[in-house]
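To keep things clear, I will list the structure first and then write my remarks on it.
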Amino acid sequence: MEKIKMTTPLVEMDGDEMTRILWQMIKDELLLPYIDLKTEYYDLGLEHRNETDDQVTVDSANATLKYGVAVKCATITPNAARMTEYNLKEMWKSPNGTIRAILDGTVFRAPILVKGIVPYVKNWTKPITIARHAYGDVYKSVDMYTTEPGTCTMTFVGESGDTKTLTVQKVDGPAVWQGAHNKEKSIRSFARACFQYAIDTKQDLWFSTKDTIAKVYDGEFKKVFEEEFESYKAKFDELGITYFYTLIDDAVARVIRSQGGFIWACKNYDGDVMSDMVSTAFGSLAMMTSVLVAPDGTTEFEAAHGTVTKHYYRYLKGEQTSTNPMATIFAWTGALKKRGQLDKLPALEAFADRLEQASLDTIRSGIMTGDLSGLVEGERPAPVTSEAFLKAIRARMEA
């Protein structure tokens with residue numbers, strides 16, 4: 001069988017631990033036998049990021065801007081324990097945070113639904129898409145620790161020489177401090193992306209912040225969304241869809257009581273937390289698609305979960321694991337479809353659709369990993385290993 005040709009490479013960002021193992025297994029079992037795969041490869045494994053002083057992360061993001069489409073494996077964001085485990089030069093920042101700061105844009109995350117896999121929230125009968133702002137907040141913040149009594153101030157110095165200074169807090173002992181920011185340009189891009197995505201998918205759009213507390217910071221998000229909505233209101237009315245703003249705590253309560261079927265726009269940190277909550281409640285962190293859409297149309301597809309450390313340690317001992325590869329498979333298929341659309345390669349698009357369908361059909365047939373088998377209504381199938389699951393998908397591809 002002749003392999004499907006590609007004309008422009010994908011930017012391929014490899015990752016860490018168990019997801020790195022799955023990454024290669026997916027390529028070997030489901031991609032390389034069928035596609036003449038062209039990628040520009042960047043190793044974002046923590047050891048290589050450390051070797052390059054994290055320059056490889058910046059290079060991968062710039063390559064994504066150049067080629068327009070990237071696919072990314074899950075990566076470690078190091079903490080103090082990882083500093084010791086990997087003997088790091090410093091506690092490198094989140095690679096996702098670095099990439100998103102360069103690309104800007106919005107992360108859209110939606111659950112992968114399979115008939116027979118029942119959400120923990122029983123009234124959720126339709127998908128909930130999280131639209132996460134991909135710039136700023138704590139992901140571009142600075143922080144420090146101080147040991148003595150004193151006063152912390154925040155000062156902005158404009159290019160004109162004008163300054164603004166605020167007193168953050170006066171403290172009587174040791175304290176921790178954090179300074180976060182966002183840019184109005186990025187907030188407007190976020191709002192436009194959300195409104196356009198709602199129109200494209202014909203779904204209601206919810207947006208939530210805590211502007212009653214962060215009156216200026218969150219208030220700016222609310223104001224910008226209201227201003228930008230004026231340009232989209234007529235189209236929303238034509239399609240019969242709505243834009244709805246509420247406080248984040250009220251939104252959480254409403255989401256839990258809802259049937260789903262809408263887009264929930266969140267600031268960066270809120271979106272990080274709520275996308276994990278939504279994906280887990282729908283069944284599994286590994287059953288969530290994630291795509292970053294930049295203002296210029298550049299896209300980066302990724303798995304929205306972590307590196308599955310516990311399974312990786314078992315793998316290193318020679319044990320077989322039942323790690324769900326679905327989010328990583330769908331990251332690859334999303335990137336391949338986008339590349340096919342841009343390069344006018346219908347065969348590549350069709351292959352990606354076929355691989356997604358084969359993956360879903362494999363689960364529907366009762367072959368699935370352990371995270372899903374416990375969610376099946378009725379008789380629960382025995383979980384299979386990751387390797388067996390991928391081989392079952394391939395068998396369907398070749399049937």
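If you go through segment 39-57 and keep only what is among the β-branched types (Val, Ile, Thr) and within 20 Å of the chain's Cα centre (by Cα), you end up with 56, 57. Scanning segment 1-24 for residues being in a helix (DSSP H, G or I) and either of a type in the set (A, V, I, L, M) or at pLDDT below 95 (or both) gives a total of 3. Of all residues in segment 25-38, those that are under 19 Å from residue 350 (Cα atoms) and either in a helix (DSSP H, G or I) or hydroxyl-bearing (Ser, Thr, Tyr) (or both) total 6.
Check whether at least one residue in segment 338-350 is crowded, with 22+ Cβ neighbours inside 10 Å, of a type in the set (D, E, K, R) and assigned to a helix (DSSP H, G or I), and report yes or no. Scanning segment 338-350 turns up at least one residue that is crowded, with 22+ Cβ neighbours inside 10 Å, of a type in the set (D, E, K, R) and assigned to a helix (DSSP H, G or I). Answer yes or no as to whether residue 314 is more than 19 Å from residue 7 (Cα to Cα), surrounded by fewer than 22 Cβ atoms within 10 Å (Cβ to Cβ) and in contact (Cβ under 8 Å) with a residue 40 or more places away in the chain. Criteria not met by residue 314.
Of the strands (runs of 3 or more DSSP E) lying entirely inside segment 44-150, the ones with 2 or more residues being surrounded by fewer than 17 Cβ atoms within 10 Å (Cβ to Cβ) are found at 142-146. Of the residues that make up segment 46-69, is at least one over 13 Å from residue 98 (Cβ atoms) and basic (Lys, Arg)? Yes, segment 46-69 contains at least one residue that is over 13 Å from residue 98 (Cβ atoms) and basic (Lys, Arg). When 118, 107 are screened for being under 22 Å from residue 207 (Cα atoms) and β-branched (Val, Ile, Thr), only 107 passes. If the condition is being within 18 Å of residue 144 (Cβ to Cβ) and either in a loop (DSSP other than H, G, I, E, B) or free of Cβ contacts under 8 Å to residues at least 12 places away in the same chain (or both), then segment 154-174 contributes 155, 156, 172, 173, 174. For residue 218, indicate whether it is part of a loop (DSSP other than H, G, I, E, B), of a type outside the set (Gly, Ala, Ser) and surrounded by 13 or more Cβ atoms within 10 Å (Cβ to Cβ). Spelling it out, it is not the case that residue 218 is part of a loop (DSSP other than H, G, I, E, B), of a type outside the set (Gly, Ala, Ser) and surrounded by 13 or more Cβ atoms within 10 Å (Cβ to Cβ).
The values are calculated or read from the model by the stated rules, or taken from the named source; none is laboratory data. Just so you know, these numbers come straight off a predicted model, no measurement behind them. Note: ideal-geometry Cβ built from the backbone for every residue, glycine included; neighbour counts use all protein chains shown.
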